[in-house]
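> Input: one structure, supplied below.
Coordinate-derived values only; no laboratory data. Remember, predicted model here, so these are calculated numbers, not experimental data. Every residue, glycine among them, receives a Cβ derived from its backbone with ideal geometry; neighbour counts consider all protein chains shown.
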């Protein structure tokens, strides 16, 4: 069972009568603003994640914590 063009027209008219032309245009405007905001947020996230951090900062933090753990374990075992 598929919807034909007449059924779609009737459904559209019922929605128009229930909500009114002004309310439908307002909802579509809000929907468009939401999509635009979502796309902007996705682009900002991609640009922030695509710019890598300096390599020195990434490597130094794990090395420092590993060295500190080794130093702590060597002092406690002696």
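> What FRET efficiency comes out for the pair residue 6/residue 36, r = Cβ-Cβ distance, R0 = 30 Å, nearest 0.05?
Result of the calculation: an efficiency of 0.30.
> Rounded, prolate or oblate, given the Cα gyration tensor of the range 1-46, with a/c below 1.5 counting as rounded?
oblate
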